[in-house]
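Laboratory data are not the source of any read-out in this text; all were calculated from the coordinates shown. Please read these numbers as outputs of a predicted model, since none were measured by experiment. Cβ atoms come from the backbone with ideal geometry, glycine included; neighbour counts cover every protein chain shown.
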Ligand code: SF4
């Protein structure tokens, strides 16, 4: 039987075979040992604090066509929106007033000059408006705006963004190819992550769990990929089917496995924590879409970041990457209160007015 507890030590890193064994654990007793070990490691390295990143989904306009995504460019049933600069800055300022410390500016992917200029202006204005005694360097800004040129990444970094989230969805080339049209390739995405790292960003990536055809070995390779690129942040979650996508025919198959996929998602958080040690790991909203207490349990398996919804309620329903996304009707204040209770329910505390970067 595998010695799970030894991975609580900072210098004991599971190899590929051990990662596979950990992800394959089945008995409730073993899964509890895995959860406990990941939680203990997190508490020792990072403490009880959970970091909030206020999530502003500022545009659902996208030129990509990912097969799993509800707002993919070719879905003509989606009402497309882009928030104004004032709306974005106001949402960010609200986060600063609540003491969130950081925001995430997320959008579909666009590569035109006007978009690059717009994002840069938003970053500069947010920085300008959120410097205070509590956060002397202004809000920490994470961008999640897809693949861009090195020049654009540099401009946004120089404007004040310092984290970038670019998920790869799977590090296995065959799975990546099954999720994307041929023009969207895995290798340039990996190169983009390396470029971001070179520029100086804290880099985040992640995958979907429970994809059709995905194996435990594939997921083990995803964790090793996180390690190989020295990821600072991980955002991953269960695959949930969207009806208006080319993968919709997998809906019944995925639904039949939902309990297994949920448990596997929890184990992925724990094993990622035990492998990568002091990184930031998000408890994703998709976990809550599967189970009401999904995000809290993500925290107990080793996650330490939550992204409260700050996107204005009137456009939020137009940013549905998957079906059943929770928190569509609650306003930002309600999300804040709800999440504070959820964090407290698992014995953790919210770290206010700090960026909470990887140590
Ligand atoms: S996952 Fe992102 S890049 Fe892909 S289609 Fe959806 S919004 Fe666009």
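The fraction of Cα-Cα pairs per 5 angstrom bin, counted from 0 for segment 116-176, comes to 4, 17, 25, 18, 13, 10, 7, 4, 2, 1 percent, rounded to whole percents.
From the Cα gyration tensor of segment 1-141, with a ≥ b ≥ c the square roots of its eigenvalues, which class applies: rounded if a/c is under 1.5, or else prolate if a/b is larger than b/c, or else oblate? The partial results should precede the final answer.
Values: a/c = 3.13, a/b = 1.60, b/c = 1.96.
Note, shape of segment 1-141 comes out oblate.
Can you tell me how segment 21-102 classifies by the Cα gyration tensor, rounded, prolate or oblate, using a/c under 1.5 as the rounded cut? Taking the square roots of the gyration eigenvalues as a ≥ b ≥ c, segment 21-102 is oblate.
Take each peptide in 340-351, 205-216, count the other Cβ atoms within 10 Å of every residue, and average; sorted highest first, the result is 205-216, 340-351. With contacts taken as Cα pairs under 8 Å and at least 6 residues apart, the chain reaches a relative contact order of 25 percent.
Name the shape class, rounded, prolate or oblate, that the alpha-carbon gyration tensor gives for segment 115-230, where a ≥ b ≥ c are the square roots of its eigenvalues, rounded holds for a/c under 1.5, and otherwise prolate holds if a/b is larger than b/c and oblate otherwise.
Working: a/c = 2.64, a/b = 2.02, b/c = 1.31.
Judged from the Cα gyration tensor, segment 115-230 comes out prolate (a/c at least 1.5, a/b above b/c).
Applying the Kirkwood pairwise sum to the alpha-carbon positions of the chain produces a hydrodynamic radius of 20.4 angstrom. Ranking of 239, 226 by neighbouring Cβ atoms within 10 Å, starting from the fewest: 239, 226.
Order by neighbour count: 310, 29, fewest other Cβ atoms within 10 Å first, most last. List each step's numbers first, then the result.
Working: 310 26, 29 9.
The fewest-first ordering by Cβ neighbours comes to 29, 310.
If you count the DSSP beta bridges with both ends in segment 145-282, what percent of them are antiparallel, to the nearest 5? Numbers along the way, then the final one.
On the way: 0 of 10 bridges.
Beta bridges within segment 145-282, antiparallel portion: roughly 0 percent.
The slack in the chain from residue 183 to residue 291, taken as 0.36 nm per residue of separation less the alpha-carbon distance, amounts to 35.4 nm.
Spatial offset of segment 266-327 relative to segment 200-224 amounts to 15 Å, using the alpha carbon center of each. Among 77, 232, 357, the ranking by other beta carbons within 10 Å of each residue's beta carbon, starting with the fewest, stands as 77, 357, 232. Note on residue 76/residue 217: beta-carbon distance plugged into 1/(1 + (r/R0)^6) with R0 of 56 Å gives a FRET efficiency of 0.90. DSSP assigns beta bridges within the chain; of those with both partners inside it, close to 5 percent run antiparallel.
Where does segment 214-359 land on Rg/Rh, using Cα atoms and the Kirkwood Rh?
Values: Rg = 15.8 Å, Rh = 16.4 Å.
Reported Rg/Rh, Kirkwood definition of Rh: 0.96.
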